[in-house]
Amino acid sequence: MSDTDAFEPVQNASAPSPAVGHSDTVVIMPETRPEWSRRNFIKGVIASGVTVSGAIYFGPALTRPQSLSAQGVERLITLNINGQTRRVDVLPGETLAMTLRYKLGLTGTKLGCDRAECGACTVLISDVNHYSCTLLTHRVGNREVTTVEGLEGANGQLHPVQQAFIDELSPQCGFCTPGQVMSAVALLRSNPNPTRDEARIAMAGNLCRCGAYDHYLNGVMRAAEETSNA
């Protein structure tokens with residue numbers, strides 16, 4: 001073997017076809033390899049990140065569907081919402097805020113931070129204020145849930161807290177107002193005559209991006225005074 005033969009690439013050719021009429025000449029095609037580029041690399045990284053992030057966000061509902069079915073969580077449940085019995089199809093990891101807004105159409109309950117920090121999603125459960133964005137609907141059970149829509153009187157009359165907020169010009173943009181109303185109602189049901197400091201502490205779980213905290217406090221104190229004199 002010559003020196004040039006030692007460096008010639010070895011190519012594996014398939015055996016010629018035995019079919020009649022075929023030439024004995026073998027055409028050797030060059031080996032195809034995937035073309036890697038910066039664009040393809042970035043696309044692969046983005047696709048991998050989206051897959052991992054989606055699995056983390058959606059949690060067990062996507063990553064362990066068999067374990068959820070093994071828990072035997074009933075999908076169709078009965079809720080007591082604003083004095084009415086409502087049957088609703090609820091996912092195992094669904095929050096009460098999502099159920100109220102997107103299953104029952106009670107959009108007065110707002111979704112802000114979605115992590116129990118701003119208070120826009122506040123509702124009453126057995127007269128106690130709760131963040132509905134971090135409370136699973138399946139955890140509510142048979143307890144009575146009251147949203148801002150449930151405060152209206154039978155003849156359309158506003159709740160004293162709602163009317164007091166209007167009289168004191170408490171709302172600015174109005175996004176946090178339903179949560180502020182529900183926290184104030186919960187306070188006055190447990191303490192009908194709070195001091196201003198007590199009201200400030202009770203309302204501290206509601207974030208107002210407009211900074212109208214004193215206006216909301218004025219509304220709470222006005223509602224407390226009017227209800228006590230009624």
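FYI, it's all coordinate maths here, none of it is from the lab. Remember, it's a predicted structure, so these values are computed and weren't measured experimentally. Note that we place each Cβ from the backbone using ideal geometry, even for glycine, and neighbour counts take in every protein chain shown.
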Task: Cβ crowding within 10 Å averaged over residues, with 200-211, 150-161 ranked highest first - done: 200-211, 150-161
Open item on the list: Starting from the 7 Å offset along Cα-to-Cβ, what nm value, one decimal, do you get for the label separation of residue 167 and residue 225?
Closed with: 0.8
- [ ] Using the Kirkwood radius over Cα pairs, work out the Stokes-Einstein diffusion coefficient for segment 78-230 at 25 °C and 0.890 mPa s, in µm²/s as a whole number.
- [x] 158
Open item on the list: On a full-extension model of 0.36 nm per residue, what is the gain between residue 204 and residue 142, subtracting their alpha-carbon distance, rounded to one decimal in nm?
Closed with: 19.5 nm
TODO: Over segment 77-229, calculate the relative contact order: mean separation of alpha carbon pairs under 8 Å at least 6 apart, over the residue count, as a percent.
DONE: 25
TODO: Distance between Cα centroids, segment 104-176 to segment 72-88: provide it in whole Å.
DONE: 18
Task: Stretch gain in nm, segment residue 134-residue 115, where the contour uses 0.36 nm per residue and the Cα spacing is subtracted - done: 6.2 nm
Task: Two-site label geometry, residue 157 and residue 40: point separation in nm, points 7 Å out along Cα→Cβ - done: 7.5
Open item on the list: Only counting other Cβ atoms within 10 Å, I'd like 104, 124, 169 sorted with the fewest neighbours first.
Closed with: 169, 104, 124
